[in-house]
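*Asks:* Right, I'll just put the structure down here and ask away after.
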Amino acid sequence: MKFKFIFILFNTTLILFLAILVLLPSLMLGSSLVGSFWRINWPLFPAFSALFIAFNVFYFINRRLFSLLEKEDWPALIRYLEARVIQKGRYSSRLVRLLANTYLVLSDSAAVVSLENKTAIAKPAVVDDNALVFGTARVLGKDFSGAVRFFEVRKDTVKAGLKEWVRWYHGFALLLNRQYEEAGEEFSFLARVAKDGVITGLSSYFLSETLARTLGGKRPEFREDSSLGRERVLKALPRLKDWNRELSRFSTEIYVVALSKYMEETSRWLYH
């Protein structure tokens, strides 16, 4: 009922606002001023009317999608999205991401990779837009070498808002693929300069608790970068609740949900 409730609430709010917009000038202003009011503010009425119509059209076009999401009927949702995306060729970034995420809910990494291949042919830019979802599917499917190649190609080409996460996942894939020195280089870089506190914390944790122990010769360097990264996180997020609030920004992102175990370990390491 969440989507229906939002639909009703939004419509009610818009109707009330339009009613107030129409009636209030007549009630509060003299008849001589009402005309002046409307000459100045008349664009408000068509603007809000257009918003009302657009919102309702969007809702009714997608009501089947919203219904399946509310029911959490993942197999039916997959069939619905496959019909729209693959059969009808509507490779929009939003629908592709939703379909890929739904495959991952059912632990079907192979289907995500297949979707990626189809998307790369139909609309390559959508693959970059959803690089974290497609790359995470490779990690969850234990195709670590494939994940390394996938993220390496895209770490400098994706949009600015995704670059640090793509670079972190490249380091994580290198670690899982036992390319420890290369993973250390990625995590060291991110621990020193990443702007995102979560990425800085994760990078510092893996440097300290995994790579410094695996590569004894690099231990002093990794410990130093890890300590620097931890200090940066604690300066920006001094309390555990600050860290948890930062994590909550990613609560619906599959590429972060997949790391929930490491998030908990990083939290304990950062805040003892």
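*Asks:* Out of the residues in the range 98-147 meeting the condition of being farther than 20 Å from residue 168 by Cα and basic (Lys, Arg), tell me which one is nearest to the chain's Cα centre (by Cα).
*Replies:* 123
*Asks:* Another one. Taking residue 254 as the residue in question, decide whether it is buried (at least 18 other Cβ atoms within 10 Å of the Cβ) and at pLDDT below 95.
*Replies:* On the way: buried (at least 18 other Cβ atoms within 10 Å of the Cβ): yes; at pLDDT below 95: yes.
Judged against the criteria, residue 254 is a match.
Residue-by-condition table, conditions (1) of a type in the set (S, T, N, Q); (2) over 24 Å from residue 237 (Cβ atoms):
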| site | (1), (2) |
| --- | --- |
| 134 | no, yes |
| 137 | no, yes |
| 140 | no, yes |
| 145 | yes, yes |
| 161 | no, no |
| 185 | no, yes |
| 194 | no, no |
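*Asks:* Right, another one. Have a look at 202, 247, 190 and point out the one that is hydrophobic (A, V, I, L, M, F, W, C), under 22 Å from the mean Cα position of the chain (by Cα) and at pLDDT below 95. Steps first, answer last, please.
*Replies:* Details: 202 fails: at pLDDT below 95; 190 fails: at pLDDT below 95.
The match here is 247.
The values are calculated or read from the model by the stated rules, or taken from the named source; none is laboratory data. Just so we're clear, the structure is a prediction, and the values are computed from it rather than from any experiment. FYI the Cβ positions are ideal-geometry reconstructions off the backbone, even for glycines, and counts take in every protein chain you see.
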